[in-house]
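The values are calculated or read from the model by the stated rules, or taken from the named source; none is laboratory data. Here the structure is a predicted model, which is why all the values come from computation and not from measurement. When we count neighbours, we look across all protein chains shown, and the Cβ atoms used for this are built from the backbone with ideal geometry, even at glycine.
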Amino acid sequence: MKACTGHSMHCSMRSLPTLLVAFLCAGCATRPPRPSPPTAASVAQRATEGGSPGTIARQGQYAVASARSSQAVHAAFVASLLRDHPELERAHILELLGDARVQPSILAAIERPAEAKPWKDYRPIFLGRRRVDAGIAFYRRHRVLIDRIAGRYGVSPSVLVAILGVETYYGRQTGGYRVLDALYTLAFHYPPRAAFFQKELGVFLSLPRSLLPGPRDSLRGSYAGAMGWCQFMPSSFAAYAVSANGSGPADLWNSLPDILASTAHYLAANGWQRGGPIARRAHVFGRHEMPFLEHSAPIHNLAGLAARGFTLPGRKWSAATPATLLEVQGRQGPEYWITFTNFQVITRYNSSPLYALAVTQLADAIRRGAATGGPRR
């Protein structure tokens with residue numbers, strides 16, 4: 001990858017205090033010393049200034065570590081990043097990390113994700129009438145483009161729309177945090193997933209500047225550092241972002257063709273089966289037996305699930321079709337859903353089965369509403 005070259009306005013503003021001191025001491029016998037280049041220790045110190053430890057401790061379970069205890073972690077991260085990407089400029093990486101600020105609200109948000117809710121509370125967030133109607137209108141307005149890209153990658157048009165609907169409300173809510181702050185906060189101040197976010201921060205810092213629509217320290221995204229309409233983490237951006245017309249880098253913030261093509265590419269590359277089922281509500285016999293479950297992996301088949309008391313009404317799929325079972329807590333009690341390979345593919349976008357079920361049901365509602373032009377729910 002190419003060296004990152006973007007610089008922020010913050011850099012030039014930081015030089016003002018030095019200029020002021022120089023002016024005031026113009027008559028002194030000796031000049032003030034030049035500022036030392038940034039080090040991992042100074043980066044660790046400055047980065048904690050975004051929120052005091054007391055504030056963060058009150059708003060989240062994990063308080064900011066002291067600058068002294070952070071120095072070794074920062075130094076190891078920078079050393080590893082430069083070892084893997086020798087083309088990067090050490091001074092610029094330290095400058096970017098020094099500009100990062102720990103955000104207490106990010107630590108608070110990650111401790112209460114929507115996916116922790118039961119299905120009966122999670123579903124209304126993404127299946128409300130306004131979001132369904134907005135999805136139908138969005139699909140109708142961009143149908144030619146959506147159908148063309150969906151056909152190219154062999155994915156469902158309504159699923160493409162539904163993912164954008166769940167992720168960013170069709171581009172309306174792409175996140176208000178600086179990606180740099182979000183990744184830094186979680187990489188160094190959220191121990192449960194520090195390794196994951198340090199990896200993502202490293203990818204973000206090593207992305208070629210030519211691939212980004214603006215300076216690295218100006219890009220905004222979710223509290224977890226997800227970017228653009230499709231909310232790609234940096235590693236997903238590097239692996240799956242594509243230009244719809246094959247010319248130039250993909251723009252996941254401003255180009256709808258690129259946004260749709262990148263989302264479709266993600267699904268296709270992760271094993272989407274053209275025309276395959278996603279999830280169906282199961283009919284449950286009175287005496288049923290829960291099968292062994294391995295997350296959303298379709299390790300059973302329809303025949304095996306039927307033998308345990310879970311069948312599919314309506315359309316008949318082959319008894320050998322790979323599938324598994326999902327149990328969620330609905331308003332009227334437990335609900336059982338038979339899920340397929342395409343459901344598992346959606347969980348690679350977001351590992352929560354509730355997320356995948358919300359995408360599935362929103363896609364169904366959008367498809368029905370766009371096809372009939374009648375009731376939208």
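Of the residues Arg348, Arg315, Arg274, Arg367, which is touching a residue at least 60 places away in the same chain (Cβ under 8 Å) and not in a helix (DSSP H, G or I)?
The match here is Arg274.
Filter region 277-295 for residues that are in a loop (DSSP other than H, G, I, E, B) and buried (at least 20 other Cβ atoms within 10 Å of the Cβ); which is farthest from the chain's Cα centre (by Cα)? So that I can check it myself, show each step before the final result.
Taking region 277-295 and keeping what is in a loop (DSSP other than H, G, I, E, B), we get 277-278, 282, 285-295.
Within this subset, residues satisfying the condition of being buried (at least 20 other Cβ atoms within 10 Å of the Cβ) are 278, 282.
Working: Ile278: 21, Ala282: 30 Å.
The extreme case among them is Ala282.
In the set Thr339, Thr372, which member is among the β-branched types (Val, Ile, Thr), within 22 Å of Phe126 (Cβ to Cβ) and within 27 Å of the chain's Cα centre (by Cα)? Walk me through how you get there before you give the answer.
Values: Thr372 fails: within 27 Å of the chain's Cα centre (by Cα).
So the residue among Thr339, Thr372 that is among the β-branched types (Val, Ile, Thr), within 22 Å of Phe126 (Cβ to Cβ) and within 27 Å of the chain's Cα centre (by Cα) is Thr339.
Return yes or no: is Leu81 modelled with pLDDT of 95 or more, farther than 30 Å from Glu327 by Cβ, touching a Pro at 6+ places or on another chain (Cβ under 8 Å) and in a helix (DSSP H, G or I)?
no
State all residues of region 228-251 that are surrounded by 22 or more Cβ atoms within 10 Å (Cβ to Cβ), assigned to a loop (DSSP other than H, G, I, E, B) and in contact with a Leu (Cβ under 7 Å, 6 or more places away or on another chain); if no residue qualifies, say none.
Scanning region 228-251 gives Gly228, Trp229, Cys230, Ala241.
Quickly run through region 85-98 and pick out the residues that are surrounded by 13 or more Cβ atoms within 10 Å (Cβ to Cβ) and assigned to a helix (DSSP H, G or I).
If the condition is that a residue be surrounded by 13 or more Cβ atoms within 10 Å (Cβ to Cβ) and assigned to a helix (DSSP H, G or I), then Arg90, His92, Ile93, Leu94, Glu95, Leu96, Leu97, Gly98 are the ones that fit.
Go through region 137-171 and give me each residue that's without any contact (Cβ under 8 Å) to a residue 12 or more places away in the chain and farther than 22 Å from Asn245 by Cβ.
Ala137
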